[in-house]
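Inspection log for the structure reproduced underneath, given as structure tokens.
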Amino acid sequence: MASSQGTFDGAQRFYRNEFYNFKSSTAEGKSQRLLGLLRYISDYHCMAEFYDTKFIDVDEDAVAYLMDPNPAWVAIDDCGAFACTGPSNALLLFEDTTF
């Protein structure tokens, strides 16, 4: 049985990444983030692990966008009377990181 959304296991690991001169908005005024959640995955987001990462001249509010669960995800056919809370359970781990 194929699934159209997400995964229920796994992790993403990133080593020795460097981010330079990243602003929270573009020259046209559009917001931008280095990291973000997929907007249609309601159930689970894989853990993202970052090791030896450097953020150099990066706006603090440009690092990540973590959203609230969509209230429309409360569906008896999918999650029952329970709201799917994948975005509330996202985990980003940073070790040996400099800001």
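Coordinate-derived values only; no laboratory data. Here the structure is a predicted model, which means the values were calculated and not measured. Neighbour counts are summed over all protein chains in view; Cβ atoms, including those assigned to glycine, are modelled from backbone coordinates with ideal geometry.
Remark: segment 11-95 is approximated by an ellipsoid whose semi-axes, taken from the C-alpha gyration tensor as √(5λ), come to 29, 17, 8 Å, largest first.
Exactly which trypsin sites (Lys or Arg not before Pro) in segment 11-99 are in a DSSP loop and have at most 13 other Cβ atoms within 10 Å? Intermediate results must be reported in sequence, preceding the final value.
On the way: sites: R13, R16, K23, K30, R33, R39, K54; in loops: R16, K23, K30, R33, R39.
Of the trypsin sites (Lys or Arg not before Pro), the ones in loops of segment 11-99 whose Cβ has at most 13 other Cβ atoms within 10 Å are R16, K23, K30, R39.
For A64, the residues whose modelled amide H falls within less than 5 Å of its own, excluding neighbours fewer than 5 places apart on the same chain, are L34, L35.
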